[in-house]
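Note sheet for the following structure.
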């Protein structure tokens, strides 16, 4: 589990989101969008970590699906912050998209092992 790219990338993303949100709050004083992003961006890794301790494959899949939803929400908030001009660097958005793809691939693998249906991007 320690070597999981999902765990390491989601934690790195959460730390990046914390830095982005703190910077925007200091410079722009935008709080509503930032608070939403902070909540969704940090919960991705929490749900992934929880998935690794699930009591069944179905529980693992359910937690990864929640993480994927939070990732999609984070992507939305990042797009709004970029397009509104509150934040200018697109790197966090790129990392979010990369994490989303990793989550989808992991879900597809887990569902295939369970005999479920694959996700689409």
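Just so it is clear, none of the values below were taken in a lab; they were calculated from the coordinates. If you're wondering where the values come from, they're calculated on a predicted model, not measured in any experiment. Reconstructed Cβ throughout: ideal geometry from the backbone, glycine too, with neighbour counts over all protein chains shown.
Some points to look at:
- Annotation for the stretch 92-112 versus the stretch 1-51: alpha-carbon center distance of 16 Å.
- Paramagnetic reach from residue 89 in the stretch 7-28 [backbone N under 16 Å; point 7 Å along Cα→Cβ]: 12-28
- Against the chain, whose longest principal axis is taken from its Cα atoms, helix 57-84 shows a tilt of about 20°.
- Least to most buried among 30, 75 (fewest other Cβ within 10 Å first): 30, 75
- Highest mobility in the GNM of the chain, judged by mean-square fluctuation with C-alpha springs under 10 Å and restricted to 41, 85, 54, is found for 85.
- Value of Rg/Rh across the stretch 66-119 [Cα atoms, Kirkwood radius]: 1.13
- Computed over the Cα atoms of the chain, pair by distinct pair, the Kirkwood hydrodynamic radius stands at 14.6 angstrom.
- Here the spin labels are modelled as points 7 Å beyond Cα on the Cα-Cβ line, and at residue 4 and residue 29 they lie 4.2 nm apart.
- Residue of 91, 42, 109 that the Gaussian network model of the chain assigns the largest fluctuation, springs spanning Cα pairs under 10 Å: 91
- Residue-span extension gain [residue 112 to residue 12] - 0.36 nm each, minus C-alpha spacing: 33.2 nm
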